[in-house]
Amino acid sequence: MKKRSPKTLAKYGLTEANFAALYEIHGGRCAICKISEEELEEKYNAPDDWASDRMLHIDHEHGSSPCRVRGLLCFQCNYDLEAFIRNAPVTHPAGRGRSLPREDPRFIAYLGVKRKSPRKRKEPAR
């Protein structure tokens with residue numbers, strides 16, 4: 001488990017013990033795609049890859065106060081989930097890519113919500 005800074009933990013209202021417990025609950029893997037930090041380290045080890053790509057991110061509900069932590073995600077699932085929630089594309093920092101909204105049953109299962117199916121338009125009476 002990679003250590004998180006006290007500042008990062010405080011931002012999400014976590015202690016080192018809380019974070020360690022969350023990490024243990026997820027088995028040290030992304031809650032959605034199940035990739036481990038060790039696998040992220042191997043996958044994103046090029047000189048131009050960011051260090052944050054090689055660790056699990058603390059996923060939280062944006063706009064919640066106090067901060068509501070949902071789990072730990074790899075950076076790709078973190079951006080993809082945000083695009084899913086917003087139902088709009090999300091641009092990655094420094095123009096490193098975009099996540100497009102897509103229906104993924106793993107997102108629905110992770111969030112524990114039911115998505116409304118699109119309403120059918122009523123045909124006008126003739």
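Some values worked out for this structure:
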read-out	value
Cα long-axis angle, helix 16-25 against the chain (0 to 90 degrees, to the nearest 10)	60
Prolate/oblate/rounded call for the stretch 6-59, Cα gyration tensor, a/c under 1.5 rounded	oblate
Tilt relative to the chain, helix 75-86 - C-alpha long axis, 0 to 90 degrees, to 10	30
Efficiency of FRET between residue 41 and residue 62 - r from beta-carbon atoms, R0 30 angstrom, step 0.05	0.65
Sequence of 61, 37 once ranked by neighbouring C-beta atoms within 10 Å, starting from the fewest	61, 37
Assigned charges on the beta-carbon of Lys, Arg, Asp, Glu; the chain dipole about Cα centre (debye)	1080
Local net charge near residue 100, Cβ-Cβ under 14 Å (Lys/Arg +1, Asp/Glu -1)	-1
Footprinting exposure proxy for 80, 53 (fewest neighbouring C-beta atoms within 10 Å first)	53, 80
Theoretical FRET efficiency, 1/(1+(r/R0)^6), r = Cβ-Cβ of residue 1 and residue 96, R0 30 Å, to 0.05	0.75
Extension gain (nm, one decimal) between residue 18 and residue 51, 0.36 nm per residue minus Cα-Cα	9.6 nm
Per-residue [θ]222 nm for the chain (sum of -39500 (n - 2.57) over DSSP H runs n ≥ 4, rounded to 500)	-9000 deg cm²/dmol
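Throughout, read-outs are computed from the coordinates displayed, never taken from laboratory work. Computed from a predicted structure; not experimentally measured. Note: ideal-geometry Cβ built from the backbone for every residue, glycine included; neighbour counts use all protein chains shown.
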